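Visitor: Next up is a structure, given as structure tokens.
The values are calculated or read from the model by the stated rules, or taken from the named source; none is laboratory data. On a predicted model such as this, the values are computed, not experimentally measured, just so you know. Using ideal geometry, Cβ is built from the backbone for each residue, glycine included, and neighbour counts are taken over all protein chains shown. All accessible areas refer to the heavy atoms of the entire protein, side chains included, with ligands and DNA or RNA removed. Shrake-Rupley method; radii C 1.70, N 1.55, O 1.52, S 1.80 Å.
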Number of protein chains: 2
Amino acid sequence: MAMTSTTGTTDVATDETGSLISASKVEGTTVYNRQGENLGHVYDLMIDKRSGQVAYAVMSFGGFLGIGESHHPLPWKMLDYDTRMGGYVVDLDKDRLEGAPAYAPDARPDWRDRDYTKRIDTYYGVAPYSGWV
Amino acid sequence: MAMTSTTGTTDVATDETGSLISASKVEGTTVYNRQGENLGHVYDLMIDKRSGQVAYAVMSFGGFLGIGESHHPLPWKMLDYDTRMGGYVVDLDKDRLEGAPAYAPDARPDWRDRDYTKRIDTYYGVAPYSGWV
């Protein structure tokens, strides 16, 4: 995960000084695409419980005030934090996100299923998460 | 981070199926010592924003209903998840925790300061966090 800008101060910056950011500040942070469109926000993080590696950011997408939204897991390495925007930037358009692996807010994907996580990685064209220990 | 038990089902287990656990489920999870004493709960996680590696779990310790509590960062690798306990287990007693690097809930340590993080690692006798990128 690379910083795309190192200037500017935002609420997020408060807790992501240096190289560390708090999970509570990541959650709720806006996700933009490269065109600056607001795609949604980070709802949660999926962490490898043994290694402590963040594998996926779960993005809340679509809907209004929580109604009609869906949860889209994105491989963590796809997200770049942009201090100027005060949010994460991903190289994605809305159409691509609409067709991506997703689930309803009250649903739970089977995160034990490596085929499921591979499907996410394959959809976004990133190398399969290799941090499993 | 090692699982010390693989049986049992808890609320936490719901979202930590297989090797992945959601940050929102980690937050609020009870931390016990090896004697089974309730030491506090995980308040937040500090994540290396480039690598996505969880470096520290911030534990809320002491106080009552949020009054008088303090925040104690623990190196992530010190925490073992115990499904039987439904919480994390650390090899620490309360006295050791009381003397540990800590801050008030409304304070913010300078997480940019590598001397600060080294002080935490040294206090607990773990190798300095080496995931910086």
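Visitor: For region B:2-40, how many residues are at pLDDT below 90 and away from chain A (no Cβ under 14 Å)?
Guide: Of the residues in region B:2-40, 2 are at pLDDT below 90 and away from chain A (no Cβ under 14 Å).
Visitor: Looking at region B:114-126, which of the residues that are open to solvent by 60 Å² or more (accessible area, probe 1.4 Å) and within 14 Å of chain A (Cβ to nearest Cβ) is nearest to A:Leu20 (Cα to Cα)?
Guide: B:Arg114
Visitor: Restricting attention to region B:83-93, which residues are out of contact with any Asp or Glu (no Cβ under 6 Å at 6 or more places or on another chain), closer than 15 Å to B:Gly40 by Cα and surrounded by 15 or more Cβ atoms within 10 Å (Cβ to Cβ)?
Guide: Once the filter is applied, which keeps residues that are out of contact with any Asp or Glu (no Cβ under 6 Å at 6 or more places or on another chain), closer than 15 Å to B:Gly40 by Cα and surrounded by 15 or more Cβ atoms within 10 Å (Cβ to Cβ), region B:83-93 yields B:Met85, B:Gly86, B:Gly87, B:Tyr88, B:Val90, B:Leu92.
Visitor: Here's a follow-up. Which pairs do you get when a residue that is at positive phi and assigned to a loop (DSSP other than H, G, I, E, B), found in region A:77-93, comes within reach of a residue that is at pLDDT 90 or above and open to solvent by 20 Å² or more (accessible area, probe 1.4 Å), reach meaning Cβ atoms under 9 angstrom, with the pair 6+ apart or on two chains?
Guide: A:Gly86/A:Thr30
Visitor: So, of the residues in region A:46-72 that are at the interface with chain B (Cβ under 10 Å from one of its Cβ atoms) and under 17 Å from A:Arg119 (Cβ atoms), which turns out to be surrounded by the most Cβ atoms within 10 Å (Cβ to Cβ)?
Guide: Among those that are at the interface with chain B (Cβ under 10 Å from one of its Cβ atoms) and under 17 Å from A:Arg119 (Cβ atoms), it is A:Ala57.
Visitor: On to the next question. Looking at (1) touching a residue at least 40 places away in the same chain (Cβ under 8 Å); (2) under 25 Å from B:Trp111 (Cβ atoms); (3) part of a strand (DSSP E or B), can you tell me which one A:Leu45 breaks?
Guide: Answer for A:Leu45: the failing condition is (1).
Visitor: Follow-up question, since we're still on this one. Kindly provide the set of residues from region B:33-45 that are open to solvent by 40 Å² or more (accessible area, probe 1.4 Å) and over 28 Å from A:Met78 (Cα atoms), ordered by number.
Guide: Once the filter is applied, which keeps residues that are open to solvent by 40 Å² or more (accessible area, probe 1.4 Å) and over 28 Å from A:Met78 (Cα atoms), region B:33-45 yields B:Arg34, B:Gln35, B:Glu37, B:Asn38, B:His41.
Visitor: Would you check if A:Asp110 is within 9 Å of chain B (Cβ to nearest Cβ), open to solvent by 20 Å² or more (accessible area, probe 1.4 Å), farther than 30 Å from B:Pro105 by Cβ and of a type in the set (Asp, Glu)?
Guide: It is true that A:Asp110 is within 9 Å of chain B (Cβ to nearest Cβ), open to solvent by 20 Å² or more (accessible area, probe 1.4 Å), farther than 30 Å from B:Pro105 by Cβ and of a type in the set (Asp, Glu).
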